[in-house]
Amino acid sequence: MRWYGPSDTVKLSDIRQAGCSEVVTALHQIPIGDVWPVAEIMARKELIEKAGMKWTVIESLPVHEDIKKRSGNYQLYIDNYKESLRNVASCGLKVVTYNFMPILDWLRTDPFHVLPTGARTLKFERLAYVAFELFLLKRPGVEKDFTSEESAEAEKYFRSLSEAEKDQLFKNMLLGLPGSDIPFTPKEVLKALREYGDINAKQLKENLFRFLKEVVPVAEEVGVRMAIHPDDPPYPVLGLPRIVSTHQDIKDIINAVNLSANGICFCTGSFGAREDNDLLGMMREFGDRIHFLHLRNTKRFPNGDFVEADHLNGDTDMVAIVKEALSIMDRRGESIPMRPDHGHQMLDDLDKRAYPGYTAIGRLKGLAELRGVESALGQLINH
Ligand code: DNO
């Protein structure tokens with residue numbers, strides 16, 4: 001399971017009771033772009049070991065915006081990244097997860113959507129998103145991104161919201177920004193977006209490749225595997241380019257630097273929010289480069305909405321995914337680290353504060369279901 005560090009309301013002891021042997025975490029206290037010092041990595045590692053678990057997967061070693069834009073101090077940040085890779089390797093860490101999404105890490109219009117059961121989940125509502133763009137953020141030129149019918153519908157929707165609901169929508173949309181508890185103004189967000197004004201998908205991909213050409217050989221040399229996390233959601237939002245969303249994107253990334261350290265974090269929840277992503281086909285094709293698995297399910301709706309569903313119950317056939325993962329691991333002769341990605345907020349957790357998607361009980365439920373599938377499939381395969 002993922003752990004957000006000592007300030008996480010979910011404790012290491014909770015994670016251990018959920019049946020985890022390993023923890024996925026990061027040094028969130030270190031500013032993005034700075035080197036991760038050995039002493040701090042070791043201190044975190046020891047904390048986890050004291051709680052009876054191990055730390056081998058980092059999520060995330062974040063990539064500074066200057067590297068993504070290839071502007072400002074990007075060379076210094078790339079050098080720092082290499083040094084961090086060397087440092088984490090010297091502490092015995094094996095996998096480094098990262099993403100290359102401009103500005104935002106993830107985006108939902110409602111991270112607290114109430115399900116018929118009373119549990120809460122994360123939801124992306126297309127109309128709310130369009131309304132945010134048109135009437136709250138008012139990004140210049142945004143009108144051309146939507147059809148006139150869609151804009152009219154979004155206007156109707158927006159008018160139906162109370163002032164408090166409008167405020168909440170604005171806050172929800174910015175939760176995936178680094179340091180998201182800082183109250184951003186539309187002006188600040190527009191400024192950050194403007195800095196990507198001249199960067200299209202082709203350029204951003206080029207910037208990623210240039211980054212990879214520098215850091216992957218270092219990772220390969222020190223025995224660390226890099227795992228790029230897909231865009232979430234896997235299509236352009238807020239006018240920003242997206243380059244880790246599809247089969248072709250992954251193919252391009254893998255071909256950019258042909259070393260086994262250049263791999264992916266296969267997040268079924270992110271890729272699965274796009275109907276044209278053939279998840280099983282992607283796993284078969286890129287199996288050798290899957291260095292980390294995030295198992296999560298989504299339910300898509302025809303109007304472009306999606307919700308994060310139960311782990312075994314959504315558009316993705318999770319049993320088939322686990323089966324494919326088992327066969328990849330069997331072929332490779334090693335196990336791939338996996339975590340249940342997100343979980344519903346439920347039971348005693350409904351009153352607790354946690355990062356959206358990261359309450360304990362819902363994740364424990366997802367993990368238990370996934371382990372059940374893994375164990376049953378394992379027995380069937382071996383008999
Ligand atoms: C959200 C996560 C992401 C992910 C990063 C990896 O729940 O899937 O925050 O950790 O994008 O760099």
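So in region 57-72, with the set limited to residues that are open to solvent by less than 30 Å² (accessible area, probe 1.4 Å) and touching a strand residue (DSSP E or B) at 6+ places or on another chain (Cβ under 7 Å), which one is farthest from H291 (Cα to Cα)?
The initial filter retains those residues of region 57-72 that are open to solvent by less than 30 Å² (accessible area, probe 1.4 Å), namely 57-61, 63, 66-68.
Applying the additional criterion that residues be touching a strand residue (DSSP E or B) at 6+ places or on another chain (Cβ under 7 Å) yields 57-61, 63.
Working: V57: 10, I58: 12, E59: 12, S60: 14, L61: 15, V63: 18 Å.
By that ranking, first place goes to V63.
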### Filter result for F286 (among the aromatic types (F, W, Y), open to solvent by less than 20 Å² (accessible area, probe 1.4 Å), closer than 23 Å to E59 by Cα and in contact with a Pro (Cβ under 7 Å, 6 or more places away or on another chain))
no
### Message
Against the definition (more than 30 Å from D348 (Cβ to Cβ) and crowded, with 17+ Cβ neighbours inside 10 Å), how does R44 come out, yes or no?
### Response
no
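One line per residue, one yes/no per condition, for (1) modelled with pLDDT under 95; (2) open to solvent by 10 Å² or more (accessible area, probe 1.4 Å); (3) hydroxyl-bearing (S, T, Y); (4) within 16 Å of the ligand (Cβ to nearest atom):
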residue	(1), (2), (3), (4)
I78	no, no, no, no
K82	no, yes, no, no
H113	no, yes, no, yes
K123	no, yes, no, yes
#### Entry: Failed condition for E49, given (1) closer than 19 Å to L193 by Cα; (2) open to solvent by 10 Å² or more (accessible area, probe 1.4 Å); (3) of a type outside the set (V, I, T); (4) away from the ligand (no atom under 16 Å from the Cβ)
(1)
### Query
Within region 253-270, is even one residue assigned by TED's automatic domain parsing to the domain that holds P340, surrounded by fewer than 24 Cβ atoms within 10 Å (Cβ to Cβ), at pLDDT 95 or above and within 16 Å of the ligand (Cβ to nearest atom)?
yes
### Task
Test A192 against the stated conditions and say whether it is out of contact with any helix residue (DSSP H, G or I) (no Cβ under 9 Å at 6 or more places or on another chain) and part of a helix (DSSP H, G or I).
no
### Task
Only residues that are in a loop (DSSP other than H, G, I, E, B), more than 20 Å from H342 (Cβ to Cβ) and not charged (D, E, K, R): list them for region 261-280, please.
A261
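Rundown of residues vs (1) in contact with a strand residue (DSSP E or B) (Cβ under 7 Å, 6 or more places away or on another chain); (2) not acidic (D, E), yes/no style:
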{"site": "L238", "(1), (2)": "no, yes"}
{"site": "G263", "(1), (2)": "yes, yes"}
{"site": "C267", "(1), (2)": "yes, yes"}
{"site": "F271", "(1), (2)": "no, yes"}
{"site": "N297", "(1), (2)": "yes, yes"}
{"site": "D305", "(1), (2)": "yes, no"}
{"site": "D310", "(1), (2)": "no, no"}
### Task
Would you check if there is a residue in region 128-151 being touching a Lys or Arg at 6+ places or on another chain (Cβ under 8 Å), touching a residue at least 60 places away in the same chain (Cβ under 8 Å) and within 25 Å of A273 (Cα to Cα)?
yes
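The values are calculated or read from the model by the stated rules, or taken from the named source; none is laboratory data. Note that the coordinates shown come from a computational prediction; the quantities given were computed from them, not determined experimentally. Cβ: placed from backbone, ideal geometry, glycine included. Neighbour counts: every protein chain shown. The area values use the complete protein model at the heavy-atom level, side chains included, leaving out ligands, DNA and RNA. Shrake-Rupley method; radii C 1.70, N 1.55, O 1.52, S 1.80 Å.
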